[in-house]
Amino acid sequence: MKVSELVEKLGLTVFSGHKGLDREIAGGYVSDLLSDVMGNAREGEVWITLQVHQNVMAIASLKDLAAVILVSNLEPHENTIRHSNDENIPVLGTSLSTFEIAGKLYQLYNQ
């Protein structure tokens, strides 16, 4: 599944990184601890978090993640948006909680 399909199926907001919407998704990872994501997330995964600062994009870029989903109506900082656009890694948003969006992503990915 591509990030663009995920956006459509889950009604996600695309804040930035539009050029990366064709990235393929290889799974998902949920964590708010940057060091945990750096050590355990895998290339191509979608990262679900409540972190909105630019360090999120540094980790997403380092791990070559497919996209980042911000939960609970959170919005990325301006520097995060810039970095997302530079790296072509979409930053997406949802009003859902971490639990809810993780469950929906799991269902979609395992159909």
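The values are calculated or read from the model by the stated rules, or taken from the named source; none is laboratory data. On a predicted model such as this, the values are computed, not experimentally measured, just so you know. Note that we place each Cβ from the backbone using ideal geometry, even for glycine, and neighbour counts take in every protein chain shown.
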Quiz item: Just a yes or no: is a residue in segment 37-44 of a type outside the set (Gly, Ala, Ser), in contact (Cβ under 8 Å) with a residue 40 or more places away in the chain and closer than 18 Å to LYS2 by Cβ?
Solution: no
Practice problem: Specify the residue that is farthest from ASN88 (Cα to Cα); the eligible residues are those in segment 30-47 that are crowded, with 19+ Cβ neighbours inside 10 Å and in contact with a Leu (Cβ under 8 Å, 6 or more places away or on another chain). | Solution: ALA41
Self-check item: Pairs where the first residue, in segment 49-78, is closer than 18 Å to LEU105 by Cα and the second is of a type in the set (Val, Ile, Thr) and exposed (fewer than 15 other Cβ atoms within 10 Å of the Cβ), C-beta under 9 Å, 6+ apart
Solution: LEU70/THR13
Quiz item: How many residues are under 14 Å from ILE69 (Cα atoms) and assigned to a helix (DSSP H, G or I) if we restrict to segment 10-33?
Solution: 3
Practice problem: Answer yes or no: is there a residue in segment 48-67 that is modelled with pLDDT of 95 or more, surrounded by fewer than 20 Cβ atoms within 10 Å (Cβ to Cβ), within 12 Å of VAL14 (Cα to Cα) and of a type in the set (Val, Ile, Thr). | Solution: no
Quiz item: Quick check: is even one residue across segment 70-90 under 12 Å from LEU10 (Cα atoms), surrounded by 20 or more Cβ atoms within 10 Å (Cβ to Cβ), at pLDDT 95 or above and of a type outside the set (Gly, Ala, Ser)?
Solution: no
